[in-house]
1. Considering only residues that are open to solvent by 90 Å² or more (accessible area, probe 1.4 Å) and assigned to a loop (DSSP other than H, G, I, E, B), look in the stretch 111-147 and name the one that is farthest from ligand 1 (Cβ to nearest atom).
2. What is the number of the single condition among (1) within 27 Å of Val87 (Cα to Cα); (2) assigned by TED's automatic domain parsing to the domain that holds Gly7; (3) more than 18 Å from the chain's Cα centre (by Cα); (4) not basic (Lys, Arg) that Asp243 does not meet?
3. Could you grab me the full set of residues in the stretch 214-267 that are surrounded by 14 or more Cβ atoms within 10 Å (Cβ to Cβ) and of a type in the set (Lys, Arg)?
4. Looking only at the stretch 119-146, how many residues end up being in contact with a Gly (Cβ under 8 Å, 6 or more places away or on another chain) and of a type in the set (D, E, K, R)?
5. Of all residues in the stretch 273-292, how many are farther than 14 Å from Glu64 by Cα, open to solvent by less than 40 Å² (accessible area, probe 1.4 Å) and part of a strand (DSSP E or B)?
6. Go through (1) in a helix (DSSP H, G or I); (2) free of Cβ contacts under 8 Å to residues at least 12 places away in the same chain one by one and return the number of the condition Glu108 breaks.
7. Pairs please, first residue from the stretch 179-208 and in the same structural domain as Gly10 (by TED's automatic domain parsing), second anywhere and open to solvent by 40 Å² or more (accessible area, probe 1.4 Å) and of a type in the set (Ser, Thr, Tyr), Cβ atoms under 6 Å, 6+ apart in sequence or on different chains.
Amino acid sequence: MKVGIVGFAGAGKTTVFNALTGLAAEVGGYGGKDRPNLGNIKVPDARVDKLGDLYRTKKRAYAEVAFVDVAGPAEGSSAGGLDAKLVAAMRDVDALAHVVRAFPDPLETRPTNPAADIAAFDAELILSDLIQVENRLERLKKDQKATPRERDLFARCKAALDAEQPLRALDFDDEERHLMTGFRFLSLKPQMILLNVAEADIAAGIPAAIQKAAQARAIPAVTAMCGQVEMDIAQLAPEEQGDFLRDLGLPAPARDRFIVAAYGLLDLMSFLTAGEDECRAWPIQRGTKAQRAAGKIHSDIERGFIRAEVIAYDDFIAYGSEAKCKEAGKLRLEGKEYVVQDGDIIHFRFNV
Ligand SMILES: Nc1nc2c(ncn2[C@@H]2O[C@H](COP(=O)(O)OP(=O)(O)O)[C@@H](O)[C@H]2O)c(=O)[nH]1
Ligand SMILES: [Mg+2]
């Protein structure tokens, strides 16, 4: 699962990527760079920390999200538009984190207008999808084997795109989604907005107009950060970060909030394993059943699955230990069809 850090040139994508990863990819690279920056980022999870403290173990493992900073448009492409290569690269990711510039352009070539950029970016995605949908409809017209269902589906897509509506705003059933998977439509991908604000606006919150613009486009999450400041924080030694944040009046780096939001955007959640040797968060797709979830840990556990012993995280914290949860009847035995919930602490029983 991969989140693409996308947006117009100069919006601060690479800066944000550096802030997330603590790496130092070249910022302001407007031309010549073909290879995307790639990084795996740990999803902060206070539950893992708390369990680690209770079990007195230093070994803690977090879920991870892969982020890719798609290479910037080649030199000479217009400052506003999206480069074709960039559009193609976006097909490859599972969700889009759209970095929107809300700080003054250092080159002063373009005005700062985040609401307009949100719409303009979506218009590019919609146009790219529309071309594909129209091609598909043409072919379906000639294809004797095409079903009315499929024709209707793509006609419905075309009507929405013609009306400048992203596909993510429509409802599709499983069969329809299946018919569409090969296309990897850009406007169907879950999208969130990362408003890249000036240092002076760090504490200001998200303007209502931006919040509204996002909602109108079926974009569920907006987070704000100052990419530049976050990048500086990420490049400090951990023990220096606290002082720096205090000076800025920030409770925590904004990147944590952003990573957690991106994790949700991928429709991921975590179940937990806890013990003296390790406390760990395991990422699974929402709706995953117990036997499949077991396979995340090891294929042997999935194959030999007998049952899952489950304690909800909140119960564990309320009662303080596994033994006390058992006494209170808070340890549940679940079968392979059980749909795992976020924060379930699970011990799998299995045959070898
Ligand atoms: N003032 C300010 N400048 C920024 C911020 N984020 C990025 N920049 C500057 O904007 C320019 C483009 O940033 P970059 O990350 O390369 O943008 P990209 O083209 O989207 O990858 C660089 O000169 C950055 O230093 C920010 O939060 N505040
Ligand atoms: Mg860049």
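1. For the stretch 111-147, the residue satisfying everything is Gln144.
2. Tallying (1) within 27 Å of Val87 (Cα to Cα); (2) assigned by TED's automatic domain parsing to the domain that holds Gly7; (3) more than 18 Å from the chain's Cα centre (by Cα); (4) not basic (Lys, Arg), Asp243 fails exactly one: (1).
3. Arg217, Arg255, Arg257 - these are the residues of the stretch 214-267 that are surrounded by 14 or more Cβ atoms within 10 Å (Cβ to Cβ) and of a type in the set (Lys, Arg).
4. At the first step, the residues of the stretch 119-146 found to be in contact with a Gly (Cβ under 8 Å, 6 or more places away or on another chain) are 120-121, 124.
Among the residues that remain, those that are also of a type in the set (D, E, K, R) are: 124.
Adding up the residues that qualify gives 1.
5. Within the stretch 273-292, the subset farther than 14 Å from Glu64 by Cα is 273-279, 286-292.
Those left that are additionally open to solvent by less than 40 Å² (accessible area, probe 1.4 Å): 273-275, 279, 288, 290.
Subset that is part of a strand (DSSP E or B): 273, 279.
Within the stretch 273-292, residues that are farther than 14 Å from Glu64 by Cα, open to solvent by less than 40 Å² (accessible area, probe 1.4 Å) and part of a strand (DSSP E or B) number 2.
6. So the condition that Glu108 fails would be (1).
7. Qualifying pairs under 6 Å: none.
Residue by residue, here is whether (1) within 16 Å of Leu96 (Cα to Cα); (2) open to solvent by less than 50 Å² (accessible area, probe 1.4 Å); (3) in contact with a strand residue (DSSP E or B) (Cβ under 7 Å, 6 or more places away or on another chain) holds:
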site	(1), (2), (3)
Arg149	no, no, no
Lys158	no, no, no
Ala163	no, no, no
Leu170	no, yes, no
Glu176	no, yes, no
Arg184	yes, no, no
Met192	yes, yes, yes
Ala203	no, no, no
Gln211	no, no, yes
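The values are calculated or read from the model by the stated rules, or taken from the named source; none is laboratory data. In this text, all values refer to a predicted model and were calculated from it rather than measured experimentally. Glycine gets a Cβ as well: all are built from the backbone with ideal geometry, and neighbour counts include every protein chain shown. Remember, those area values only see protein heavy atoms, side chains included, never the ligands or the DNA or RNA. Shrake-Rupley method; radii C 1.70, N 1.55, O 1.52, S 1.80 Å.
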